[in-house]
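The values are calculated or read from the model by the stated rules, or taken from the named source; none is laboratory data. These numbers were taken from a predicted model, which means no experiment stands behind them. Virtual Cβ from ideal backbone geometry, glycine too; neighbours counted across all protein chains shown.
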Amino acid sequence: MNKTQTVPNLKFDIGELLDRLLGTSISYSFSEPSLYEDFDTQTTLDGKLDIMRIEKSLNVIIRDFETTIVFPSCSRCLQEFTLPIKIEHAERQFYIKEPQDLDDPNDFYLVDLKHQQIDISEMLRQEIILHFPTFLVCSNSCKGICDQCGNDRNQKDCDCQQIEVTNNPFSQLKELI
Ligand SMILES: [Zn+2]
Ligand SMILES: [Zn+2]
């Protein structure tokens with residue numbers, strides 16, 4: 001994690017876990033405003049957190065997470081739209097000391113020992129972005145903008161002839177003959 005965005009309200013106390021037996025866990029619920037710079041949300045960040053003491057680290061699970069993201073532009077009609085994002089389960093380790101034997105030395109999370117806290121904001125930011133849809137469209141039935149007159153075809157129809165995109169291999173063959 002080279003880029004870290006800290007959201008101050010996504011820090012959780014873990015002090016009581018550090019001296020406990022392996023396997024001890026604590027749980028939190030959270031419902032916090034988003035302060036991420038990469039994306040806007042219409043609702044709070046809502047979810048649950050399970051933190052378990054394991055060897056050399058804490059196992060952190062975010063579950064039942066929900067928020068609604070505001071996307072600035074549909075790729076068909078260019079209108080702003082919102083989409084709920086749900087994360088059922090995301091799991092990472094937060095190391096108590098910097099580990100020496102990882103494949104990617106940049107890809108780990110550390111417990112903040114000084115404040116006896118973990119900060120899940122970067123973990124959650126990455127998970128939210130991973131859950132973005134591949135095609136950013138306001139709806140699967142979005143008709144988009146007319147490429148002739150610029151009319152938003154979701155609002156009203158226009159009389160322009162839409163160019164049919166055909167992909168018929170035989171049409172070219174016919175011309176050759
Ligand atoms: Zn659209
Ligand atoms: Zn048109």
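Table for the structure above
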read-out	value
Residue under evaluation residue 67, criteria (1) among the polar types (S, T, N, Q); (2) out of contact with any Lys or Arg (no Cβ under 9 Å at 6 or more places or on another chain); (3) surrounded by 16 or more Cβ atoms within 10 Å (Cβ to Cβ), criterion not met	(2)
Residue within the range 94-106 that is touching a strand residue (DSSP E or B) at 6+ places or on another chain (Cβ under 7 Å), in a strand (DSSP E or B) and either at pLDDT 95 or above or of a type in the set (Phe, Trp, Tyr) (or both) present	yes
Pairs, first outside the structural domain of residue 74 (by TED's automatic domain parsing) in the range 141-162, second among the β-branched types (Val, Ile, Thr) and modelled with pLDDT of 90 or more, C-beta under 8 Å, six or more apart	151/145; 152/145; 153/145
Filter result for the condition that a residue is polar (S, T, N, Q), touching a helix residue (DSSP H, G or I) at 6+ places or on another chain (Cβ under 9 Å) and crowded, with 17+ Cβ neighbours inside 10 Å, over 121, 57	121
Residue within the range 59-67 that is at pLDDT 95 or above, assigned by TED's automatic domain parsing to the domain that holds residue 120 and not in a strand (DSSP E or B) present	no
Residue check, residue 147 within 16 Å of ligand 1 (Cβ to nearest atom), loosely packed, with under 13 Cβ neighbours inside 10 Å and part of a loop (DSSP other than H, G, I, E, B)	yes
Residue among 71, 65, 94 that is among the aromatic types (Phe, Trp, Tyr) and touching a Gly at 6+ places or on another chain (Cβ under 8 Å)	65
Boolean, residue 173 is at pLDDT below 95, aliphatic (A, V, I, L, M) and within 16 Å of ligand 1 (Cβ to nearest atom)	no
Long-range neighbours under 6 Å by Cβ, at least six apart or interchain, first residue in the same structural domain as residue 107 (by TED's automatic domain parsing) within the range 122-136, second among the aromatic types (Phe, Trp, Tyr)	125/36; 136/71
